[in-house]
Structures are given as structure tokens and as C-alpha cells.
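> Input: one structure, supplied below.
None of the figures in this text is laboratory data; all of them are computed from the coordinates on show. Quantities reported herein were computed from a predicted structural model and do not represent experimental measurements. Note that each Cβ is placed from the backbone with ideal geometry, even for glycine, and that neighbours are counted across all protein chains shown.
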Amino acid sequence: MGLAYVYCDYRDQYQQTAENIYGAILKQLLRRLPSVPTAIEQGLQKLHAEQKPLELGQGMDMLRTICGSFDRTYICLDALDECQHLDRLLNSLQKAPASVFLFCTGRSHILRVVQNCFPKSGEMIIKAEDSDIKLLIKERINNDRKINSEIMDKALERDIVEQISSLSGGMFVINVLEYMSVADSITDFFYLRFTLALFLTSGPSEIVGMP
């Protein structure tokens, strides 16, 4: 069985072209084989010798070759809504062998794009409950408080829990992880209080690049 996973990181959209996503998929699938197929090895050696990047058509051909070594191949594309080259990627994957099964996640607005390319695809709505978001944030705050009991008072904790949960819109990962990123990157707890207050009023994009 072949298995590959790609996370489309919104902070790395420039690098995550359709070609690079194919490269990540191919690399993972090749690792599951006892040896690299001769055609793939020759193709990669030629690219290396000519110092050329992988082209989309070449990636598609290599995917077909590799998938011939598996009964089934599962490819997961996570946060697909953050992919800038979504149309090119999905159009190319339409031509993947029948043994390839795609699992995609993303915000609701990409559903139509996916279904246009794969009309028979199914869908499942996964939404974080407000209570789950609050529980996760409180747990993280309690862990931070064990390091320093004066990291924040109850009023700031209440504001963090309420504001982040209200901003999440059912997508708990982004907002909670942004809080975690801020908390992890700042060791000055007085500055942390200020930065978290800014996060609550302005959003994560406004604090990028702050010391």
C-alpha cells in the first residue's frame, strides 16, 4: 500500500507549487518501496545532471510508475485551501491511476473546486465545537501557568479564551496554534501579556515580525 501526506502551509505558499507537492508525494511513496524503479532512478538522475527542477508532466509520469508497485495508493492533501496552484494540482491528479485514492481537507469554499474535478467525490463536514476550543486553550494556559504563575491574570485568561474561540469559526487549529506560537516564542512574560492583548484585538497577522 502506498501512502503520502502533504500539508499546505499558508506560511509557505510560494514554495508549495504543484511541482513541489508532487515531489513530496513521490519522495514518500519511494520510501515505501524496497528499491527505486529503474525508470524513476534514470529520470531523477537526468534532472540532477541537467540541474533542472521536476516538471509537472514528469511528476505525473513518475506517479503512475510508482503506483504500479502498489495495490492501492492513498494521498492526503491537508489544508488544500491554502494551495495557490490548486487548479493545476487537481487537474493533474485527475489523470492519476484508478488505484489512487485522494483524501483532501480544507475550508468549505474549496468543495466546489474539488467536486468540479472529481464529481463523484464524497464529503464530510468536520467542525470544532466551541467547548472543545475553550477546553484546549484553557489546558494550554494552565500549562504555561505552571512555568510562571504570574503569566496572566484571570481577566486576560478569560479574554483569550472567549476571543480566540469566537474568532475560530469552527477551525480551532489556526487560532489555537497561533496563540501557542506566540506563547512559545516569548520568554518575557510582561511582553507576553502585551503581545497577547494585541493578538486579541488585531489578529495574528499584525504581530508577525515583532521581537
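> Starting at 0 and stepping by 5 Å, how many percent of the alpha carbon pairs of the range 1-83 end up in each bin?
P(r) for the range 1-83, in whole percents per bin: 3, 15, 25, 24, 18, 12, 5, 0.
> Report the one residue of Cys76, Pro97, His48 whose Cα lies farthest in the direction of the positive end of the charge dipole of the range 39-123 (charges on C-beta: Lys and Arg +1, Asp and Glu -1; origin at the Cα centre).
Farthest along the dipole direction, towards plus: Pro97.
> Further, regarding this structure: For Lys146 and Lys127, compute 0.36 nm times the residue count separating them, minus their Cα-Cα distance, and round to one decimal in nm.
Extra length available between Lys146 and Lys127 comes to 3.8 nm.
> Follow-up. Provide the FRET efficiency to the nearest 0.05 for the Thr105-Tyr14 pair, computing r from the beta carbons and using R0 = 25 Å.
Taking R0 as 25 Å, the efficiency between Thr105 and Tyr14 is 0.75.
> Follow-up question, since we're still on this one. GluC sites (Glu not before Pro), restricted to the range 37-119: which are DSSP loop and have at most 16 other Cβ atoms within 10 Å?
Hits after loop and neighbour filter: Glu55.
> List the lysines whose alpha-carbon lies under 26 Å from that of Lys138, not counting same-chain residues fewer than 8 positions away?
Lys127, Lys146, Lys154
> Quick one: grab the alpha carbon gyration tensor of the range 1-47, order the square roots of its eigenvalues as a ≥ b ≥ c, and give me rounded if a/c is under 1.5, else prolate or oblate depending on whether a/b is larger than b/c.
Because a/c hits 1.5 or more and a/b fails to exceed b/c, the range 1-47 counts as oblate.
> Taking the Cβ-Cβ separation of Val36 and Asn116 as r and a Förster radius of 25 Å, what is the calculated FRET efficiency to the nearest 0.05?
0.10
> Can you work out the FRET efficiency for the pair Glu162 and Asp87, with r the C-beta to C-beta distance and R0 = 30 Å, to the nearest 0.05?
0.20
> What number comes out for the charge environment of Ala79, summing +1 per Lys or Arg and -1 per Asp or Glu over other residues with Cβ under 9 Å away?
Every neighbour counted, the sum reads -3.
> Here's another thing I want to ask about it. Apply the Karplus curve 6.51 cos²θ - 1.76 cosθ + 1.60, θ = phi - 60°, to the phi angles in the range 127-139 and return the couplings in whole Hz, x for Gly and Pro.
Karplus values, whole Hz, x for Gly and Pro: 10, 6, 6, 4, 5, 5, 4, 4, 5, 5, 5, 4, 5.
> Another one. Can you tell me how the range 22-133 classifies by the Cα gyration tensor, rounded, prolate or oblate, using a/c under 1.5 as the rounded cut?
prolate
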